[in-house]
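Asker: The following block contains the structure, expressed as structure tokens.
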Amino acid sequence: MTQSSKATSLEILACDAGWRNYHFVKLTTEDGIVGWSEFDEGFGSPGVGAAIQRLSARVIGQNVFLHERIYAELFAATRPAAGGVVAQALGAIENALLDAKAKSLGVPCYELLGGKIRDRVRVYWSHCATWRINHPSWYQPPIENLDGVKAMGREVREKKFTALKTNIFSYDDGKPTGWRPGFGSPFAPEINVDRKILHDLRMHLEAIRDGAGPDVDILLDCNFNAKTEGYLKILRTIADLDMFWIEIDSFNPQALGYIRRQSPHPISSCETLLGLREFLPYFNEQAIDVAIVDTPWNGVWQSMKIAAAAEAFEVNVAPHNFYGHLCSMMNAHFCASVPNLRIMEIDIDRLAWDHELFTHEPEIQNGHLIIPDRPGWGTEPNEEALRAHPPKTSGGLLNYGRKS
């Protein structure tokens, strides 16, 4: 017999997260169980919260144990506009249902996913140097030159992380500036990669390698910041460097497959895709070495399906994870459960008040995240702390490249 615990309310909460906001779903059941999930509106997705609230009427009164049924119903109700912000709303609701179900059973969420395969997950220090260059008022100490980049690499090594990921920077008079025309900063919609960017990128990578030493893996995230020609130029420029992967976002799986077949380095991609249907063309094209899955966007249960398909195509997965601590824990349960895991992304540079916002922070030892055995995701937002840091009216990518 199916256990039953009906959802009685679904609320949206948010708080200030420096250059963006954190967003949460709070789902309460008739038994007083609270299921939480974290979602995001700052990564090009305004309006997810409004979509969640509009869909909440179809969730209230339903049995949280039947999350697949609820997801199927919500998908059917939104099928004409499937994907995008609507898909992210479904993912956020699914993740809250999973937390509520696991807590009702008194088990960690990984038990709902087939049980854990590993107790520890290797992580890489993401946005390494990036946050301290792009957002120096929030992440200290600020990095203002190549010596700061080199020191950042050394810090990663000394703190016993085994991998880091950085981004593309332009250097003017020795000072780095984030180069992200794909996100409108600078506004250059042609997204050409010129000689100076290639020179500065190589210089940046050599500096971070100098600090990190020979044993730390270095990952480069190019995002949407080039076209096919530009990505090939980048790959040729750094062909002789020892790179763990080059992360490339492309809306065209054939173009990415063309790039991969010419790349001396492994290619990762797909962090902005929603649903297995969007991943399949990239798998069929053999366009990627590692499929990056955003589990807060897709829902962890749906993400397990994507990972299973990736396995059939001999592709490993890695979670997209640059949000708050609840997202890190949601991703940790996914990582604990999928057989074909490559590595987990996590931001180590944090806001000064991040530790106040959640009941538990991720536990990291020697570059590995320890999988918690607490019920549900293993952490919850602290509502009093959220109220102490009210959300801003602006933030995220919508404000990139604009004067604040």
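Asker: Can you say whether Asp210 is touching a residue at least 12 places away in the same chain (Cβ under 8 Å), out of contact with any Phe, Trp or Tyr (no Cβ under 9 Å at 6 or more places or on another chain) and assigned to a loop (DSSP other than H, G, I, E, B), as far as the supplied structure shows?
Answerer: no
Asker: Same structure again: Which residues, counting only those in the range 217-228, are of a type outside the set (Phe, Trp, Tyr) and not in a helix (DSSP H, G or I)?
Answerer: Asp217, Ile218, Leu219, Leu220, Asp221, Cys222, Asn223, Asn225, Ala226, Lys227
Asker: Looking at the range 229-303, what helices (runs of 4 or more DSSP H) fall wholly within it and have at least 3 residues that are under 20 Å from Val123 (Cα atoms) and at pLDDT below 95?
Answerer: none
Asker: Here's another thing I want to ask about it. Does His199 satisfy the condition of being buried (at least 18 other Cβ atoms within 10 Å of the Cβ) and not in a loop (DSSP other than H, G, I, E, B)?
Answerer: No.
Asker: Residues that are in contact with a strand residue (DSSP E or B) (Cβ under 6 Å, 6 or more places away or on another chain), modelled with pLDDT of 95 or more, in the same structural domain as Ser269 (by TED's automatic domain parsing) and not basic (Lys, Arg): does the range 383-392 have at least one?
Answerer: The answer is no; no qualifying residue exists.
Asker: When you scan the range 371-378, do you find a residue that is farther than 23 Å from Val34 by Cα and assigned to a strand (DSSP E or B), even just one?
Answerer: no
Asker: Could you please let me know if Gln3 is of a type outside the set (A, V, I, L, M), in a loop (DSSP other than H, G, I, E, B) and within 25 Å of Pro375 (Cα to Cα)?
Answerer: yes
Asker: Starting from residues that are hydroxyl-bearing (Ser, Thr, Tyr) and out of contact with any His (no Cβ under 7 Å at 6 or more places or on another chain), keep the ones in the range 106-160 and report whichever is farthest from Met243 (Cα to Cα).
Answerer: So the residue we want is Ser137.
Asker: Continuing with the same structure: Check Gly114, Gly153 and return the single one that is over 20 Å from the mean Cα position of the chain (by Cα), surrounded by 22 or more Cβ atoms within 10 Å (Cβ to Cβ) and in contact (Cβ under 8 Å) with a residue 60 or more places away in the chain.
Answerer: Gly153
Asker: Suppose the filter is part of a strand (DSSP E or B), out of contact with any Gly (no Cβ under 9 Å at 6 or more places or on another chain) and touching a residue at least 24 places away in the same chain (Cβ under 8 Å); does Leu13 pass it?
Answerer: yes
Asker: Are there helices (runs of 4 or more DSSP H) fully within the range 19-132 with at least 2 residues that are in contact with a Pro (Cβ under 9 Å, 6 or more places away or on another chain)? List them.
Answerer: In the range 19-132, the matching helices (runs of 4 or more DSSP H) lie at 84-105.
Asker: Pick out the one residue from Asp210, Asp217, Asp194, Asp200 that is acidic (Asp, Glu), farther than 19 Å from Leu235 by Cα and at pLDDT 95 or above.
Answerer: Asp210
Asker: Between Gly49, Gly32, which is of a type outside the set (A, V, I, L, M, F, W, C), within 20 Å of the chain's Cα centre (by Cα) and not assigned by TED's automatic domain parsing to the domain that holds Asn298?
Answerer: Gly49
Asker: Quickly run through the range 216-271 and pick out the residues that are among the hydroxyl-bearing types (Ser, Thr, Tyr) and touching a strand residue (DSSP E or B) at 6+ places or on another chain (Cβ under 9 Å).
Answerer: Tyr231, Ser250, Ser263, Ser268, Ser269, listed by residue number.
Asker: Restricting the search to the range 149-181, which residues are part of a loop (DSSP other than H, G, I, E, B) and of a type outside the set (Lys, Arg)?
Answerer: Phe161, Thr162, Asn167, Ile168, Asp173, Gly174, Trp179
Asker: Here is a list: Asp373, Asp354. Which entry is under 26 Å from Ser185 (Cβ atoms) and either at pLDDT 95 or above or exposed (fewer than 14 other Cβ atoms within 10 Å of the Cβ) (or both)?
Answerer: Going through Asp373, Asp354 in turn, just one is under 26 Å from Ser185 (Cβ atoms) and either at pLDDT 95 or above or exposed (fewer than 14 other Cβ atoms within 10 Å of the Cβ) (or both): Asp354.
Asker: While we're looking at this one, here's another question. On the basis of being within 17 Å of the chain's Cα centre (by Cα), surrounded by fewer than 19 Cβ atoms within 10 Å (Cβ to Cβ) and assigned to a loop (DSSP other than H, G, I, E, B), does Glu314 make the cut?
Answerer: Spelling it out, it is not the case that Glu314 is within 17 Å of the chain's Cα centre (by Cα), surrounded by fewer than 19 Cβ atoms within 10 Å (Cβ to Cβ) and assigned to a loop (DSSP other than H, G, I, E, B).
Asker: Taking the range 15-51, which residues are surrounded by fewer than 23 Cβ atoms within 10 Å (Cβ to Cβ), over 16 Å from Ile93 (Cβ atoms) and touching a strand residue (DSSP E or B) at 6+ places or on another chain (Cβ under 6 Å)?
Answerer: Residues satisfying the conditions are Asn21, Glu30, Gly42.
Asker: Something else about it: Mind telling me which of the residues Ile248, Ile259, Ile234 ends up being touching a Cys at 6+ places or on another chain (Cβ under 9 Å), under 24 Å from Asn284 (Cα atoms) and assigned by TED's automatic domain parsing to the domain that holds Arg154?
Answerer: Just one listed residue meets the conditions, Ile248.
The values are calculated or read from the model by the stated rules, or taken from the named source; none is laboratory data. Everything numeric here is computed off the predicted structure, so don't read it as measured data. Note that we place each Cβ from the backbone using ideal geometry, even for glycine, and neighbour counts take in every protein chain shown.
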